[in-house]
Amino acid sequence: MIVLALETSCDETAVAILRDGNRHSGPPVGRTRPVASSELLASEVASQIAEHEKFGGVVPEVASRNHLVHAPRLLERAMQEANVDIAEIDAFAATSGPGLASSLMIGASIAKGLAIGFGKPYLAINHLEGHLLSPFFGETKIRSNVSLVVSGGHTMTVLVRGLNDYQIIGRTVDDAAGEAFDKIAKLLGLGYPGGPEIEKRATAGDAKRFDLPRSMPESENFSFSGLKTAVRYLLPNIVGHFGETPSSNCRPAQTASKLAKKDLTDLCASVQAAIVDVLVRKAIDAAKECHVDLVTMSGGVTCNRKLRAEMAAGCKRHGFELRTAEPWLCTDNAAMIAFAAMLKLQNGFSSSVTEEIDPNLALI
């Protein structure tokens, strides 16, 4: 069985081809490893970071136009990499939500057209489920676990009992963790995406210098908008210590430009620590509450090395096994969509080609 999947939920265009069976998988485009039950034949991703960086965030119209440009090229490249004919594909899949409507429509339309044209099954895959299952990439069994899914648009803890058996424990009530990184980076006059920019500077900073809020400590839910607000009001005070208080109409990024390098690195370290502390504590608390022995992490923010290290240390302290999706599987990609589709096919699930995209698609 061979599955071809497309992922176009936001600003990255991705195509992947996955084959079922116990075969040794050489590393397509250098980003994978042999897996237990499936072989990743191709995984292609076209990033649009450069196009959106000048806007400080994703512009939906720009994203959808670029998907139209990149998707045909990536499809052709993936077929060549996989060395299979498109007539050999047994099923076509695409992300159906959540995401940007104009972006989701591109990938879903292509996958539906191919499924209709070749008379093959179509699978509409939830982007969040793709992340949720990615720590088990290539395996046939999904172990019971508490999963932390944390990205630019989503932050949640989920009890996973098995495929299609999920219970949301906590979710963000405002900004997602990745969104908080992006917004704070913009306040500080840093580049986009904000997470890597803050992480880069945080390595040289003192994370204890600025006492930033950890919101909703007694709740299972998350909140990061207060952290952004705290940084916004802290900036003029830091600059003011050096005798130069910005005017009231001064933009935050203009204020941040007056920060000394030491102040900037300490502030980045403090922001990162505040976000990581909340994520680790709430994930471990959820694992305790659900009486599982495995914690998993996925989503773009889990590429953060501080988060990985702190979660590993926290799980070790409390006796939990930790499994984190490989970094190339954490950012948006079609391999995780193909894997979710493969598992669903193996368990008798498929979708109708009349199924609509849903920008607000919930996990359950």
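Mind listing just one residue for me: the one in the stretch 137-152 that is under 8 Å from the mean Cα position of the chain (by Cα) and assigned to a strand (DSSP E or B) and, of those, farthest from Ile184 (Cα to Cα)? Don't jump to the end; show me each part of the working.
The first filter runs over the stretch 137-152 and keeps only residues under 8 Å from the mean Cα position of the chain (by Cα), leaving 149-152.
Going one step further and asking which of them are assigned to a strand (DSSP E or B), we end up with 149-150.
Numbers: Val149: 20, Val150: 17 Å.
Going through the qualifying residues, I end up with Val149.
Kindly provide the set of residues from the stretch 90-117 that are of a type in the set (A, V, I, L, M, F, W, C) and either crowded, with 21+ Cβ neighbours inside 10 Å or part of a strand (DSSP E or B) (or both), ordered by number.
Matches in the stretch 90-117: Ala91, Phe92, Ala93, Ala94, Leu100, Leu104, Ile106, Ala108, Ile110, Ala111, Ala115.
Quick check: anything in the stretch 245-263 under 25 Å from the mean Cα position of the chain (by Cα), modelled with pLDDT of 95 or more and farther than 21 Å from Thr155 by Cα? Walk me through how you get there before you give the answer.
Just the residues of the stretch 245-263 that are under 25 Å from the mean Cα position of the chain (by Cα), to begin with: none.
Looking for residues that are under 25 Å from the mean Cα position of the chain (by Cα), modelled with pLDDT of 95 or more and farther than 21 Å from Thr155 by Cα, one finds none in the stretch 245-263, hence no.
Residues in the stretch 195-209: is at least one modelled with pLDDT of 95 or more, assigned to a loop (DSSP other than H, G, I, E, B) and touching a Phe, Trp or Tyr at 6+ places or on another chain (Cβ under 9 Å)?
no
Out of everything in the stretch 61-89 that is farther than 15 Å from Ser43 by Cβ and among the small types (Gly, Ala, Ser), what residue ends up being surrounded by the fewest Cβ atoms within 10 Å (Cβ to Cβ)?
The qualifying residue surrounded by the fewest Cβ atoms within 10 Å (Cβ to Cβ) is Ala87.
Which residue pairs have Cβ atoms closer than 7 Å, lie 6 or more positions apart in sequence or on different chains, and pair a first residue in the stretch 207-221 that is within 9 Å of Lys282 (Cα to Cα) with a second residue that is part of a loop (DSSP other than H, G, I, E, B)?
Asn221/Val173
Under 8 Å by Cβ, and 6 or more places apart or on different chains, what pairs join a residue from the stretch 114-128 that is over 18 Å from Thr8 (Cβ atoms) with one that is modelled with pLDDT under 95 and not in a helix (DSSP H, G or I)?
From the stretch 114-128, the pairs are Pro121/Ser350.
Among the residues of the stretch 288-296, are any within 18 Å of Ile169 (Cα to Cα), within 16 Å of the chain's Cα centre (by Cα) and modelled with pLDDT of 95 or more?
Within the stretch 288-296, the first condition is being within 18 Å of Ile169 (Cα to Cα), and the residues that meet it are 288-296.
Okay, now just the ones that are also within 16 Å of the chain's Cα centre (by Cα), so 296.
Filter once more, so that each one left must be modelled with pLDDT of 95 or more: 296.
The answer is yes, given that some residue of the stretch 288-296 is within 18 Å of Ile169 (Cα to Cα), within 16 Å of the chain's Cα centre (by Cα) and modelled with pLDDT of 95 or more.
Looking at the stretch 153-190 only, could you name the residues that are in contact with a Ser or Thr (Cβ under 7 Å, 6 or more places away or on another chain) and in a loop (DSSP other than H, G, I, E, B)?
Val173, Asp174, Asp175, Ala176, Gly189
Which strands (runs of 3 or more DSSP E) does the stretch 1-72 wholly contain that include 2 or more residues that are modelled with pLDDT under 95?
Result: 12-20, 38-47.
(1) under 17 Å from the mean Cα position of the chain (by Cα); (2) surrounded by fewer than 21 Cβ atoms within 10 Å (Cβ to Cβ): which one isn't true of Glu355, the others all being true?
The number of the failed condition is (1).
Could you say which residue among Thr296, Thr324, Thr302 is farther than 23 Å from Gly194 by Cα, surrounded by 20 or more Cβ atoms within 10 Å (Cβ to Cβ) and touching a helix residue (DSSP H, G or I) at 6+ places or on another chain (Cβ under 7 Å)?
Thr296
The values are calculated or read from the model by the stated rules, or taken from the named source; none is laboratory data. Remember, it's a predicted structure, so these values are computed and weren't measured experimentally. Cβ atoms come from the backbone with ideal geometry, glycine included; neighbour counts cover every protein chain shown.
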